[in-house]
Amino acid sequence: AIEMYRTSREQLLTCSIPDLLAPDAPIEQIPTLLQRARTEGMVQSEWQSKRLDTEDIFDIEVIINLAQLKLRPVFIVSVRDISDRKRAEQALRDSEGRFQAFMNNSPAASWITDENGVMVYLSQTYYQVFQLPFTDAIGKSVFDCYPADIAQQFIDNIQTVATTKQAVETIEVAPRPDGTLGDFLVYKFPILDASGQNLV
């Protein structure tokens, strides 16, 4: 606690709970949390706190446990700095937002499948370019979405990419929204993690 709040033991012992929280923290919720800990034995929550030297705001995870001390009920409160995790979560949300904005405004039909041809992601343009039997094909196999011979060419190329971990540029036949068949230039590539393994 001394390291986290950047203060001395003496100063910390003079602090009340509101002294350690961010100015806009919902302090009025504390009695409710304590009551829940009384009835449930343990309660977990996330709050914002502040450094005592600079008053910088940071994110914390709070775990309140009910215990007995000399036959008296007491609360043991554990506080953990989760600033790095919260920043990572926000960065992920920002990245996903940029991805969605880019894909939904791209004129190219884009999609992601796993190695078995199950749809993981489809851009809005994909639904406009191809004829599909579903308004939402996420979780469906290419064999659910297309005739068997057309789906098989998709699977063959998908599994080639998954096995070789190399991009494939090819022409694939697929139905247009009007039901006619069209030839489409398709670029398939693997999505790999840091160790080179397929993510999907």
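The values are calculated or read from the model by the stated rules, or taken from the named source; none is laboratory data. Computed from a predicted structure; not experimentally measured. With ideal geometry, Cβ positions are generated from the backbone for all residues, glycine too; neighbour counts draw on all protein chains shown. Only protein heavy atoms, including side chains, enter the accessible area calculation; ligands, DNA and RNA are left aside. Shrake-Rupley method; radii C 1.70, N 1.55, O 1.52, S 1.80 Å.
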Residue 124, sole failed condition from (1) open to solvent by 70 Å² or more (accessible area, probe 1.4 Å); (2) polar (S, T, N, Q); (3) more than 21 Å from the chain's Cα centre (by Cα): (3)
Just checking, does segment 168-177 include any residue being exposed (fewer than 13 other Cβ atoms within 10 Å of the Cβ) and in contact (Cβ under 8 Å) with a residue 24 or more places away in the chain? yes
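Part of a helix (DSSP H, G or I), closer than 19 Å to residue 199 by Cβ and among the small types (Gly, Ala, Ser) - does that describe any residue in segment 132-155? Steps first, please.
Of segment 132-155, the ones part of a helix (DSSP H, G or I) are 142-145, 148-155.
Still in the list and also closer than 19 Å to residue 199 by Cβ: 142, 154-155.
Filter once more, keeping what is among the small types (Gly, Ala, Ser): none.
No, that holds for no residue.
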Close pairs from segment 4-19: first more than 15 Å from residue 62 (Cβ to Cβ), partner loosely packed, with under 13 Cβ neighbours inside 10 Å and not hydrophobic (A, V, I, L, M, F, W, C), Cβ under 7 Å, at least 6 apart: 6/53; 7/53
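What do you reckon, is residue 117 open to solvent by 40 Å² or more (accessible area, probe 1.4 Å) and not hydroxyl-bearing (Ser, Thr, Tyr)?
Details: open to solvent by 40 Å² or more (accessible area, probe 1.4 Å): no; not hydroxyl-bearing (Ser, Thr, Tyr): yes.
No; evaluated as a whole, the condition is false for this residue.
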Could you tell me whether segment 94-105 includes any residue that is of a type outside the set (Lys, Arg), touching a helix residue (DSSP H, G or I) at 6+ places or on another chain (Cβ under 7 Å) and more than 30 Å from residue 183 (Cα to Cα)? no
Filter segment 163-176 for residues that are more than 15 Å from residue 111 (Cα to Cα) and either among the hydroxyl-bearing types (Ser, Thr, Tyr) or not in a strand (DSSP E or B) (or both) and give the result. 163, 164, 165, 166, 170, 176
Any chance you could count how many residues in segment 132-145 are farther than 16 Å from residue 112 by Cα and either surrounded by 16 or more Cβ atoms within 10 Å (Cβ to Cβ) or of a type in the set (A, V, I, L, M, F, W, C) (or both)? 1
Hits in segment 41-69 - residues which are more than 22 Å from residue 11 (Cα to Cα) and among the hydrophobic types (A, V, I, L, M, F, W, C): 42, 43, 63, 64, 66, 67, 69
